[in-house]
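Below is one structure, written out as structure tokens; comments come after it.
Coordinate-derived values only; no laboratory data. Predicted model only: the values in this text are computed from it and were never measured. Note that each Cβ is placed from the backbone with ideal geometry, even for glycine, and that neighbours are counted across all protein chains shown.
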Amino acid sequence: MDQAEQLRNIVRMNNKTEKTEKVARVITVTSGKGGVGKSNMSVNLAIQLRKLGKSVLIFDADFGLANIEVLFGAIPKYNLGDVIYRNKNIKEVITAGPMGIKFISGGTGIDGLGNLNKGQIETLVNNLSELDNLADVIVVDTGAGISDSVLDFVMSGSEVILVTTPEPTSITDSYSMLKAINRNSNYKKSNLQIRVAVNKVSSQNEGKALFSKLNVVVQRFLELSIEYLGAIPMDDSIYKAVMQQSPVSFKFPNSKATRAYEDIAKIIVSGEEEQIISKKGIAHLFTNFIRKKT
Ligand SMILES: Nc1ncnc2c1ncn2[C@@H]1O[C@H](COP(=O)(O)OP(=O)(O)OP(=O)(O)O)[C@@H](O)[C@H]1O
Ligand SMILES: [Mg+2]
């Protein structure tokens with residue numbers, strides 16, 4: 001058996017979709033342009049999903065930038081680098097956050113997962129498969145922009161939330177991200193549900209209108225489909241909460257922004273049983289890396 005075959009076997013063994021074992025729902029939060037509200041979405045969505053009774057784990061895949069820990073106000077002792085380079089088990093690098101929300105920091109030592117060698121990916125896949133038993137939902141916060149590393153995450157998950165804002169540059173960058181997904185060789189329409197969340201809107205209608213405009217162009221020029229997830233208003237309470245290193249859902253539970261995150265979490269949970277998309281589990285996220293390496 002050569003090394004490529006060995007790796008494929010590991011993934012096959014970790015691919016639990018065919019079995020009755022539990023796999024986590026993996027939701028990747030991404031954007032074309034930076035600073036549009038991904039990390040706030042990831043943290044507050046996680047909190048709202050937790051409030052709806054889900055066990056949740058946040059995975060900060062924005063390597064090098066400690067977005068989530070700063071927003072959460074929690075300092076992780078270990079990070080994913082300790083799993084890959086220093087033989088820690090994945091359970092040892094989980095930081096317990098508020099409300100029992102688990103959190104894994106990507107750390108600063110990993111310069112994108114694309115740079116890992118086969119042995120390191122093997123270690124990672126083996127460890128990540130353990131997460132399926134620890135959470136109902138895994139929220140993956142990515143960095144901004146259409147880098148290979150971000151696209152790899154987006155392509156490998158089964159659900160994507162694309163965060164955009166009404167700024168013209170944000171809309172064009174969102175379209176560029178969709179175009180990049182569309183032309184990625186790993187893209188299969190039936191495997192990836194893409195939902196758009198519009199942040200910093202002045203009214204709910206503004207969010208819907210913006211989505212409609214984007215959707216017209218997408219339908220005309222791309223072979224993928226997008227769905228509308230909802231809008232989060234421009235709300236000073238987000239800024240104030242960030243300044244105090246506490247998620248807006250905790251600091252200002254009755255703010256407009258918090259209610260918008262609540263609505264989005266409800267949409268995500270509603271109709272969960274009828275989900276057409278297959279839950280692939282977290283280990284599957286990395287199948288593409290292995291394919292590329294072999
Ligand atoms: N709905 C909102 N209303 C007001 N301010 C907001 C809103 N959403 C985000 N912000 C502001 O924008 C900043 C950036 O948000 P956030 O860190 O979530 O973006 P990001 O997409 O994760 O950024 P990056 O690309 O750098 O990771 C926040 O610190 C906050 O001040
Ligand atoms: Mg961020």
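Spacing of the modelled spin labels on ARG220 and LEU52, each 7 Å from Cα toward Cβ, amounts to 3.4 nm. A crude spin-label estimate for the pair GLU206 and ASN254, with each label 7 Å from Cα along the Cβ direction, gives 2.4 nm.
With a Förster radius of 30 Å applied to the C-beta separation of LYS188 and LYS266, the computed FRET efficiency comes to 0.60. For the peptides 244-252, 82-90, residues were scored by their other Cβ atoms within 10 Å and the scores averaged per peptide; the highest-first order is 244-252, 82-90. Computed 3J(HN,Hα) for region 173-186, one whole-Hz value per residue from the Karplus formula 6.51 cos²θ - 1.76 cosθ + 1.60 where θ = phi - 60°, is 5, 5, 4, 4, 5, 5, 4, 5, 4, 4, 9, 5, 5, 8, glycine and proline marked x.
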